[in-house]
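**Student:** Got a structure for you, questions after.
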Amino acid sequence: MLNVPLVQKIILERIVSLASKVKASKDSLQELFNYLIEVEDLKPLNNVLEKDSSCWRARFRETVIFLENKIFCRSRPDMQNYSLKGVKWPLKVLQNYCVAGVDTSEITPSVHFSPPFLLINVGLTFISYGDKLRHIEKSEPYFYFVGEGETENYLWNIQRKRVESELETIKNSLFKLREELSSEIYVLFDESFSVNYLASKTEKERKETVEAMKKAWTEMKNKKIIPVGVFYTNSSAVSASLIRAVVCEEKKSCSVCMKEKRKLECEKLLIEDKLLFNYLLSNSWRSSLFKVVNKIVTENSLEVAGFYFKAGERNVFRVEFPLWAAANVQQIYSVVAGQAGLGGGYPYLLERAHEQALIKNAERRWVLSYVNKLLNEKYNLRLLFSKKQEKKIKGVV
């Protein structure tokens with residue numbers, strides 16, 4: 001139970017520091033913007049970024065390579081009436097597009113039950129926005145356990161299993177359907193394709209996950225199905241790139257400054273990209289198209305492009321896709337904008353896919369109970385529960 005009076009007390013004590021941090025971000029944003037006013041073409045900045053790999057290897061977690069000239073792309077003509085209210089505009093933008101949303105929910109291996117297993121529930125919702133409306137809404141479960149034709153360590157790479165399960169559901173639901181349709185299918189995922197989150201994983205886990213992703217992308221590409229990641233992030237990749245290539249253009253490399261063991265001049269200017277583009281973009285605009293550069297994608301030859309999209313005030317998310325899909329950037333832009341319009345600020349089909357994928361707490365307890373019941377009835381065996389887990393499912397087992 002939350003101790004409300006104590007929470008109020010500690011927040012009140014720290015609110016001045018929090019306010020000063022917010023103010024500092026605003027000041028940094030304005031200062032960085034003052035530098036950007038002088039920039040007319042982004043592409044020459046790439047020369048600086050490409051020469052200094054220490055920029056992303058040592059100084060920042062990731063940077064970008066700009067693939068377009070301007071920092072943002074103004075609304076296309078059919079987006080002038082962009083709105084988060086009503087469905088008339090979004091349905092007009094999405095006309096003749098085929099779009100799906102995919103999401104997952106898991107019951108992961110735990111110290112609280114043995115033997116361990118993994119259940120991944122993949123939710124998928126598909127709609128073709130054309131004269132002949134087609135609609136698919138489903139969930140597909142995948143059950144894995146240690147020793148099932150794999151090494152024991154294989155089970156614990158949940159990221160790889162998630163990618164493989166998503167691909168299987170897409171194949172089951174969309175591959176045959178794609179042959180009946182005349183246009184590409186855009187599949188939205190609530191996840192990052194530049195996989196910087198894998199930095200804390202082992203080299204083996206990173207390689208397995210990236211290879212699974214490459215395989216999924218190749219199979220989808222062959223069927224003219226375009227995967228698109230849509231997600232919120234605290235990344236400062238674009239801000240870092242602009243600082244390195246504009247503010248610190250004359251510096252030899254980031255590593256030189258870091259060796260001097262002093263407070264870095266760029267520190268105060270580094271802000272989250274969502275703050276930068278909330279300031280720079282109008283509603284429905286997108287940022288420049290860029291290629292993501294970080295340790296994971298570079299070491300695994302994974303090519304990812306992306307842009308930021310402003311769905312509304314203080315509502316900026318990142319959109320990523322394989323570099324080979326960059327030729328479809330305007331179509332991806334339309335799909336994401338239309339879906340955000342339908343969803344009131346977040347892609348509608350991702351909301352629907354999440355509802356299909358979600359495993360509720362009662363369902364989690366039921367799965368454990370059901371596995372335990374089958375083991376007992378068929379093999380006179382039982383799952384071994386910790387006391388903590390027993391209390392959670394008391395009355396079910």
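The values are calculated or read from the model by the stated rules, or taken from the named source; none is laboratory data. Since the structure is predicted, the reported quantities are computational estimates derived from the model, not experimental observations. Note that each Cβ is placed from the backbone with ideal geometry, even for glycine, and that neighbours are counted across all protein chains shown. Heavy atoms of the whole protein, side chains included, go into the accessibility calculation; ligands, DNA and RNA do not. Shrake-Rupley method; radii C 1.70, N 1.55, O 1.52, S 1.80 Å.
**Student:** Only one of (1) surrounded by 19 or more Cβ atoms within 10 Å (Cβ to Cβ); (2) at positive phi is not met by GLY123, so which one is it?
**Tutor:** Single failed check for GLY123: (2).
**Student:** Moving on to the next point. Looking at region 253-273, is at least one residue open to solvent by less than 10 Å² (accessible area, probe 1.4 Å) and of a type in the set (S, T, N, Q)?
**Tutor:** Scanning region 253-273, I find no residue that is open to solvent by less than 10 Å² (accessible area, probe 1.4 Å) and of a type in the set (S, T, N, Q), so the answer is no.
**Student:** If only one of SER334, SER301 is surrounded by fewer than 17 Cβ atoms within 10 Å (Cβ to Cβ) and more than 23 Å from ARG244 (Cα to Cα), which one is it?
**Tutor:** SER301 is the lone residue from the list that is surrounded by fewer than 17 Cβ atoms within 10 Å (Cβ to Cβ) and more than 23 Å from ARG244 (Cα to Cα).
**Student:** Here is a follow-up. Which helices (runs of 4 or more DSSP H) does region 199-284 wholly contain that include 3 or more residues that are more than 29 Å from PRO347 (Cβ to Cβ)?
**Tutor:** In region 199-284, the matching helices (runs of 4 or more DSSP H) lie at 203-222, 254-259.
**Student:** If you take the residues in region 106-120 that are open to solvent by 30 Å² or more (accessible area, probe 1.4 Å) and modelled with pLDDT under 80, which one is nearest to LEU374 (Cα to Cα)?
**Tutor:** Top of the filtered list is SER114.
**Student:** Another question, then. Give the residue, chosen from SER25, SER17, that is of a type outside the set (A, V, I, L, M), within 25 Å of the chain's Cα centre (by Cα) and over 22 Å from VAL319 (Cα atoms).
**Tutor:** Just one listed residue meets the conditions, SER25.
**Student:** Restricting attention to region 354-365, does a residue exist that is outside any strand (DSSP E or B) and either in contact with a Phe, Trp or Tyr (Cβ under 7 Å, 6 or more places away or on another chain) or open to solvent by less than 10 Å² (accessible area, probe 1.4 Å) (or both)?
**Tutor:** There is at least one residue in region 354-365 that is outside any strand (DSSP E or B) and either in contact with a Phe, Trp or Tyr (Cβ under 7 Å, 6 or more places away or on another chain) or open to solvent by less than 10 Å² (accessible area, probe 1.4 Å) (or both).
**Student:** Just to confirm my filter: which helices (runs of 4 or more DSSP H) fall fully inside region 1-95 and include at least 1 residues that are in contact with a Cys (Cβ under 7 Å, 6 or more places away or on another chain) and surrounded by 13 or more Cβ atoms within 10 Å (Cβ to Cβ)?
**Tutor:** 45-51
**Student:** Also, quick follow-up: Residue check, VAL292 against (1) assigned to a helix (DSSP H, G or I); (2) open to solvent by less than 30 Å² (accessible area, probe 1.4 Å); (3) touching a Ser or Thr at 6+ places or on another chain (Cβ under 7 Å), all met but one. Which one?
**Tutor:** Against the list (1) assigned to a helix (DSSP H, G or I); (2) open to solvent by less than 30 Å² (accessible area, probe 1.4 Å); (3) touching a Ser or Thr at 6+ places or on another chain (Cβ under 7 Å), VAL292 comes up short only on (1).
**Student:** Right, something else. Those residues that are among the β-branched types (Val, Ile, Thr) and under 11 Å from VAL230 (Cβ atoms), I need them from region 311-353; list them, please.
**Tutor:** Scanning region 311-353 gives VAL319, ILE332, VAL335, VAL336.
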